[in-house]
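J.: Following this message is one structure expressed as structure tokens.
The values are calculated or read from the model by the stated rules, or taken from the named source; none is laboratory data. All of these numbers come straight from a predicted model, not from anything done at the bench. Ideal geometry is used to build each Cβ from the backbone, glycine not excepted, and the neighbour counts take in all protein chains shown.
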């Protein structure tokens, strides 16, 4: 049985191993802190990767600031932390697919990385604007990876890791950049290949944020800088600056190309094609060749400079409407996954694209196949292609300049809380709802993350939109439990921190939405599962057993902290195995022991003691994909010895792990 690692990936080590495989001649040894360690020889690596090398003090275009290298290390460093479920603060814990996570978002993003890698459709954040009064997250750049691992998830005596970034601070921009940079690096990896990241910001840091995002997402993936005109300030000294920005980045250049074909066309153009398609289909009784000719005639009638001409590329037609099947299925930039894809007719593995598949996993590709977004050739000798359906995205292209009714948003928020002013300047629900609607074309199952959740406007917007179009989008809110000032209206009303306000806002907004739409929201998910960042469930001996004297092991036989519950262990196991934190969890008893079944027996876990051979057998007979037990669970040494044989007999494919 293999042990679970129970900590986040060491991205630095992963990157080292990748380079070592590609360039073994660049691997060397050096001395650090008195110890000989493996390292990459930068000079050898430069020779290998480029015919033109820039090094030393040679001039080159770059964007840098103090501690930038350390912020990269911070993003890559592993942590031994976990997310503990909090049922009493959740809403419909057992049935909801939404999450509300309390804790430092840097640590939370690291914990989410393996589980949500390439699964998030949209990220929207409204980070601190760095006005001189905003708080920024205080990350410790002086620690080694080992020290960071040891204290991860711990906060100061006030229960937070926030400091006010005054404009008199000599590191005014540096501190803000060190805060935002590692978080965006992690966030990018969460996005699907067709994912979008949108970030609100004001004049103070918009230029620096643009440069950071160009580096993290790629300058070629910049889409737009949206401007929101919010209000006028009568006390302004020179100009009444009442606007803010939203930077929009796609993860993939290919996504920009694919969506751009549709979005450059006016909504009127799409509507015209749809009306003509329905008329021709009825006239020719679904004779697609004749329907196609009729649409080509429509396209030809448009002026050459008409923006609707982009639609003329949808030259093929079937029952789903006009489509293109010349979409590139390659991974942008090369180096993509190379899994086997079976041709639906021949049953053989299809020819693979040169740069790898554009979808990170075969499961993700299968989703697109089921949606009809992938076209196969006549046999496996042809690389499949991406199919784009014109009517899958028929929204009018969004304008870059918008008016946001900030005062109305504040009034609506206050009304939700019985006219108590709990939060300053909450975002407008309609603004965020419009963005979510625009980005989540399919609306079914898309995940939207906001890891500077604040008053939870994004959650409210997702629920509201789902109520309006029967969507199944899911939200994940992340927020540090920043303490409310004792003189604030929020504190006087009983809210001790921002998370309490955010959770209550979701409860009240969800109830209001369902009360106003009782006939159409019976299946609307307005719940949320609360998870709280904490130190690992495992004692130090679990990670560093070599540091403990053998004679102490009897005392340390139970390597799990005394205050941790079985469900705490379950969620850390789910994180370690990459199982969605919103997965359905069922609790039952087998042989008098509590057993957890996650996602219809995808994972079965038991953390009770005195587990017998019979119980192991009964779990194995359910044939889970994963089976997890505590190392100290087994009733005797003989049960532990028989464990592997029992599974080999009844469920040999099950992956077995122990804590």
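J.: Which of the residues spanning segment 623-659 are over 29 Å from residue 562 (Cβ atoms) and free of Cβ contacts under 8 Å to residues at least 24 places away in the same chain?
T.: 645, 648, 652
J.: State yes or no: is residue 424 in a loop (DSSP other than H, G, I, E, B), in the same structural domain as residue 109 (by TED's automatic domain parsing) and modelled with pLDDT under 90?
T.: In short, yes.
J.: Out of all the residues in segment 228-249, which are in contact with a strand residue (DSSP E or B) (Cβ under 7 Å, 6 or more places away or on another chain) and at pLDDT below 90?
T.: Matches in segment 228-249: 228, 229, 230, 242, 243, 244.
J.: So, residue 439, is that one touching a strand residue (DSSP E or B) at 6+ places or on another chain (Cβ under 8 Å), within 21 Å of residue 461 (Cα to Cα), surrounded by 18 or more Cβ atoms within 10 Å (Cβ to Cβ) and at pLDDT 90 or above or not?
T.: So residue 439 fails the test.
J.: Follow-up. Search segment 59-106 for residues being at pLDDT 95 or above, out of contact with any helix residue (DSSP H, G or I) (no Cβ under 7 Å at 6 or more places or on another chain) and assigned to a helix (DSSP H, G or I), and hand back the single one that is surrounded by the fewest Cβ atoms within 10 Å (Cβ to Cβ).
T.: Among those residues, the one meeting the criterion is 88.
J.: Would you be able to say whether some residue in segment 468-475 is surrounded by fewer than 22 Cβ atoms within 10 Å (Cβ to Cβ), assigned to a helix (DSSP H, G or I) and assigned by TED's automatic domain parsing to the domain that holds residue 246?
T.: Checking segment 468-475: at least one residue is surrounded by fewer than 22 Cβ atoms within 10 Å (Cβ to Cβ), assigned to a helix (DSSP H, G or I) and assigned by TED's automatic domain parsing to the domain that holds residue 246.
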